[in-house]
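To keep things clear, I will list the structure first and then write my remarks on it.
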Amino acid sequence: MSQRVYGVVARAKGEPVQVEQIMVPDPGPGEAVVRVQACGVCHTDLHYREGGIGDDFPFLLGHEAAGIVESVGEGVTEVAPGDFVILNWRAVCGQCRACLRGRPQYCFDTHNAKQRMTLADGTELSPALGIGAFAEKTLVAAGQCTKVDPAASPAAAGLLGCGVMAGLGAAVNTGGVSRGDSVAVIGCGGVGNASVVGARLAGAAKIIAVDIDDDKLRTARALGATHTVNSRSTDPVEAVRELTGGFGADVVIDAVGRPETYEQAFYARDLAGTVVLVGVPAPKTRLDLPLQDVFGRGGTLKSSWYGDCLPSRDFPMLIDLYLQGRLDLDAFVTETITLEDVEDAFTRMHKGEVLRSVVVL
């Protein structure tokens with residue numbers, strides 16, 4: 001029997017979101033219903049509202065979440081009612097060419113719930129990233145639930161479901177930052193500052209944070225950056241080179257995703273260095289680089305999907321680090337809000353006033 005709960009719905013492109021009653025069906029085979037405890041407000045949700053990801057309105061927003069498994073469907077063995085879980089949008093299939101080659105972090109056929117949640121009138125909802133967690137309860141594929149230590153704060157733990165994992169993983173998994181490396185991070189919002197944290201965890205000797213906002217740079221410094229560069233007043237490429245003996249950084253992470261910042265990242269790296277693109281570019285943006293420079297500088301140009309994470313491996317490990325006091329996830333929670341505050345939180349996020357607003361239910 002379906003449950004009637006409240007959730008945040010984007011009905012049409014560019015329109016303010018609304019809190020509405022939604023219907024959550026009982027879980028079918030391979031599915032789980034999760035009682036959401038906390039969900040971060042991510043730029044991806046704003047992209048959904050603005051029609052930047054698709055036009056399958058109405059959307060049930062929210063995806064960066066943690067909560068308690070309430071019920072499971074037939075055949076579910078990985079989680080059970082009462083488990084504290086972080087939701088993820090890469091529930092690997094185990095059968096595609098990436099999974100069969102031992103690279104499940106690149107799974108090309110990830111799972112979502114087969115049933116659809118609906119509005120009270122029966123209109124089917126499209127859950128953001130297959131999750132839809134700006135809601136009291138949500139229906140997901142059981143593989144989207146990763147069990148972690150319940151001692152963790154839901155508001156902090158849920159951030160691993162997207163932004164923090166994307167940034168941290170861009171440094172550790174995609175960029176392969178190791179002890180003694182020099183790292184530059186361009187763009188110090190939530191994802192960029194998570195890259196700073198990832199570089200620090202990996203043992204980078206020099207971490208250079210680049211942004212146009214001094215407040216964000218101060219936050220980056222508090223999270224582990226050894227140097228900061230305000231690129232509004234200083235050429236970031238020259239600054240990074242100067243701070244690295246004239247060579248450039250071993251790894252440069254573009255957490256913005258604009259052609260200008262990618263070009264800065266490309267030229268701010270050392271010869272044979274690595275560029276990681278984790279900032280999501282707009283659909284129509286293009287990049288123009290001299291092919292001779294691409295060849296002549298060598299190294300590696302990578303994109304980072306979800307921090308190239310494997311939730312079953314990475315989430316429990318990172319929660320353990322959090323509980324040991326070695327990973328300060330709480331520092332990313334700028335404010336806690338209610339479902340009714342999501343529209344205002346989008347405004348604060350767009351203005352760069354917060355690392356994360358987190359809905360707590």
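The values are calculated or read from the model by the stated rules, or taken from the named source; none is laboratory data. Since the structure is predicted, the reported quantities are computational estimates derived from the model, not experimental observations. Every residue, glycine among them, receives a Cβ derived from its backbone with ideal geometry; neighbour counts consider all protein chains shown. With ligands, DNA and RNA removed, areas are computed over all heavy atoms of the protein, side chains included. Shrake-Rupley method; radii C 1.70, N 1.55, O 1.52, S 1.80 Å.
So the values come out like this:
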| item | result |
| --- | --- |
| Cα gyration tensor shape for the stretch 210-268, rounded if a/c is under 1.5, else prolate or oblate | oblate |
| On Cα atoms only, tilt of 214-223 relative to the major axis of the chain in degrees | 80 |
| Under the Debye formula (equal points on every Cα, no solvent term), log10 I(q)/I(0) of the stretch 3-69 at q = 0.29 Å⁻¹ | -1.26 |
| Whole-Hz couplings from phi, Karplus 6.51/-1.76/1.60, listed for the stretch 246-258; x for Gly and Pro | x, 9, x, 7, 5, 9, 10, 10, 8, 9, 9, x, 10 |
| Top of Asp250, Asp293, Asp149 by mean-square fluctuation, Gaussian network on the chain, Cα under 10 Å | Asp293 |
| Rounded to 5, percent antiparallel among DSSP beta bridges of the stretch 110-250 | 10 |
| Compactness of the stretch 17-171 - radius of gyration and Dmax, Cα, Å | 14.9, 45 |
| Residue-averaged 222 nm ellipticity for the chain, from DSSP H runs of 4+ at -39500 (n - 2.57), nearest 500 | -7000 deg cm²/dmol |
| Portion, in percent, of the accessible area of the stretch 179-274 that falls on carbon or sulfur, probe 1.4 Å | 47 |
| Scattering curve values for the stretch 128-268, log₁₀ I(q)/I(0), Debye with Cα scatterers, q = 0.21 Å⁻¹ | -1.18 |
| As computed over the stretch 315-361, the Cα convex hull volume per residue (Å³) | 86 |
| Kirkwood Rh (inverse of mean 1/r, distinct Cα pairs), the chain, angstrom | 20.7 |
| Relative contact order (percent, whole number), the chain, Cα cutoff 8 Å, 6+ residue spacing | 17 |
| Crossing angle, helix 311-323 versus the chain [Cα axis fit, 0-90 degrees, rounded to tens] | 80 |
| Kirkwood Rh and Cα Rg combined as Rg over Rh, evaluated for the stretch 271-333 | 1.14 |
| With all protein chains modelled, accessible area of His111 [1.4 Å, Å²] | 80 |
| Directionally averaged shadow of the stretch 147-210, computed from the convex hull of its alpha-carbon atoms, nm² | 4.5 |
| Across Lys147/Lys351; Lys114/Lys216; Lys206/Lys302, pairs whose alpha-carbon gap is larger than 30 Å | Lys147/Lys351; Lys114/Lys216 |
| Point-charge dipole on Cβ atoms (K/R +1, D/E -1) for the chain, about Cα centre, debye to 20 | 840 |
| Surrounding net charge for Asp250, when Lys and Arg each add one and Asp and Glu each subtract one, Cβ distance under 12 Å | +1 |
| Top of Ala272, Ala38, Ala184 by mean-square fluctuation, Gaussian network on the chain, Cα under 10 Å | Ala272 |
| Fraction of beta bridges assigned by DSSP in the chain that are antiparallel (%, nearest 5) | 55 |
| Charge tally in the Cβ shell below 12 Å around Pro104, where Lys, Arg are +1 and Asp, Glu are -1, Pro104 excluded | +2 |
| Reference-scaled alpha-carbon Rg (2.2 N^0.38 Å with N residues) for the stretch 197-336 | 1.12 |
| Most mobile of Asp121, Asp235, Asp213 in a GNM of the chain (Cα contacts under 10 Å) | Asp121 |
